[in-house]
Amino acid sequence: MSATLIDGKAFAATVREKVATHVARLKDEHGLTPGLAVVIVGDDPASHVYVRSKGKATVEAGMKSVEHRLDADTSEEALLTLVEQLNTDPSIHGILVQLPLPGHLNEDLVINAIDPAKDVDGFHISNVGLLGTGQKSMVPCTPLGCLMMLRDHHGSLSGLDAVVIGRSNIVGKPMAQLLLGDSCTVTIAHSRTKDLPEVVRRADIVVAAVGRPEMVPGDWIKPGATVIDVGINRIDAPEKGEGKTRLVGDCHFESCAEVAGAITPVPGGVGPMTIACLLANTVTACCRANSLAEPEGLTA
Ligand code: NDP
């Protein structure tokens with residue numbers, strides 16, 4: 001492997017430390033404790049694991065964590081009533097409704113019912129519009145984490161060619177907006193892109209957010225490029241024993257690492273940054289709600 005490993009776990013730890021320092025300052029100097037409310041509907045086991053780790057990380061950063069666990073058959077009206085209560089609760093600065101919601105609930109309606117100032121996931125249509133027009137917004141956590149790692153590695157991103165593979169509302173599109181905001185020349189690729197390998201070979205920065213295990217091989221990567229692998233895919237790992245599995249990204253790590261200048265691993269790359277950025281967004285929301293200076297380096 002010749003690429004530099006971008007250690008998301010270590011970087012996330014520094015972000016969490018910065019958050020904790022700022023939280024301590026808010027408490028000491030202003031008597032404020034940032035509060036994050038997470039709402040989960042139904043009993044999807046993976047979602048419950050995510051929610052537990054978000055709550056634990058919130059408390060570890062010195063913030064208030066509130067979890068609302070609702071039954072799978074909760075009505076839309078009941079969920080909207082809870083969101084409204086959280087919108088008006090002054091001790092809550094961030095609200096996250098864990099997705100996906102059960103099929104009878106309209107996700108767009110619920111997300112757009114959250115006060116945009118408390119929308120720490122950055123999915124509210126107002127935040128999407130603010131980001132798209134280069135204004136101050138709440139930025140989705142996963143692309144924010146990718147941006148922080150890219151800035152840390154490169155310093156300035158200005159003028160670099162960036163290719164984002166994937167155009168989802170939660171990763172691909174906001175990632176492209178953030179890179180454009182940092183003056184990259186941005187291409188968004190997707191399942192209908194013609195000659196994807198040639199498109200990717202042009203890139204100084206490749207962000208893969210596809211959800212297809214090891215789809216991007218090393219011979220698509222321009223020598224020296226930076227590869228940010230957002231994908232999290234579980235595949236069979238018979239070499240570990242019968243029925244065993246392992247996590248891989250959307251990029252074929254070994255071959256990409258031979259060509260790239262820098263690369264994030266899976267696991268231990270983008271994943272840990274997502275929770276760290278949720279904490280960062282919560283402290284940012286608390287500062288904005290109280291017209292206080294925002295922590296440096298924790299926003300886009
Ligand atoms: P989506 O399924 O919403 O979007 C996938 C995107 O990939 C789509 O735009 C799709 O194109 C594109 N795509 C699919 N197949 C191809 C192909 N063969 N060639 C080019 N593009 C293709 O996924 P998400 O954005 O939600 O997530 C992407 C990955 O990131 C997943 O593995 C997910 O688990 C992971 N993830 C990781 C997070 C983390 O914290 N590390 C957080 C969020 C997601 P089209 O639009 O044309 O269908």
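Numbers below:
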read-out: Lysines with Cα under 30 Å of Lys194, excluding same-chain neighbours fewer than 8 positions away; value: Lys173, Lys222
read-out: Sequence-distant lysines (8 or more away, or on other chains) whose Cα lies within less than 22 Å of Lys54; value: Lys9, Lys18, Lys27, Lys64, Lys118
read-out: Length-normalised contact order for region 137-258 - Cα pairs under 8 Å, 6+ apart - percent; value: 21 percent
read-out: Cα-only radius of gyration and Dmax that characterise region 194-300, units Å; value: 17.5, 56
read-out: Exposure ranking of Lys118, Lys56 by accessible area [1.4 Å probe, largest first]; value: Lys56, Lys118
read-out: Restricting region 193-242 to GluC sites (Glu not before Pro) in coil, as DSSP defines it, with at most 15 other Cβ within 10 Å; value: Glu242
read-out: Helix runs (DSSP H) in the chain reaching 24 Å along axis by Cα, Kyte-Doolittle at least 0.0; value: 270-289
read-out: Value of D in µm² per second that Stokes-Einstein yields for region 116-273, Kirkwood Rh from Cα pairs, at 37 °C (0.692 mPa s); value: 206 µm²/s
read-out: log10 of Debye I(q)/I(0), alpha-carbon scatterers only, for region 1-68 at 0.13, 0.16, 0.19 Å⁻¹; value: -0.50, -0.68, -0.82
read-out: DSSP-defined antiparallel bridges as percent of all bridges, the chain, nearest 5; value: 10 percent
read-out: Listed peptides 280-293, 151-164 by packing density, highest first (mean Cβ within 10 Å); value: 280-293, 151-164
read-out: Sum of -39500 (n - 2.57) over DSSP H runs of 4+, divided by residues of the chain (222 nm, nearest 500); value: -12500 deg cm²/dmol
read-out: Descending semi-axes in whole angstrom, ellipsoid equivalent of the chain, from the Cα gyration tensor; value: 32, 22, 19
read-out: Dipole magnitude (debye, nearest 20) for the chain, charges at Cβ of Lys, Arg, Asp, Glu; value: 480 debye
read-out: Mean shadow area of region 204-250, taken as a quarter of the surface of its Cα convex hull (nm²); value: 3.6 nm²
read-out: Alpha-carbon Debye profile of region 62-118, log10 I(q)/I(0) at 0.12, 0.24 Å⁻¹; value: -0.27, -1.05
read-out: Dipole in debye (nearest 20) - region 20-123, about Cα centre, beta carbon charges: Lys, Arg +1; Asp, Glu -1; value: 600 debye
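The values are calculated or read from the model by the stated rules, or taken from the named source; none is laboratory data. Keep in mind the model is a prediction, meaning the values are calculated, not measured. Heads up, the Cβs are rebuilt from the backbone with ideal geometry, glycines too, and the neighbour counts pull from every protein chain shown. Each accessible area value is taken on the protein alone, full model and side chains, heavy atoms only, with ligands, DNA and RNA left out. Shrake-Rupley method; radii C 1.70, N 1.55, O 1.52, S 1.80 Å.
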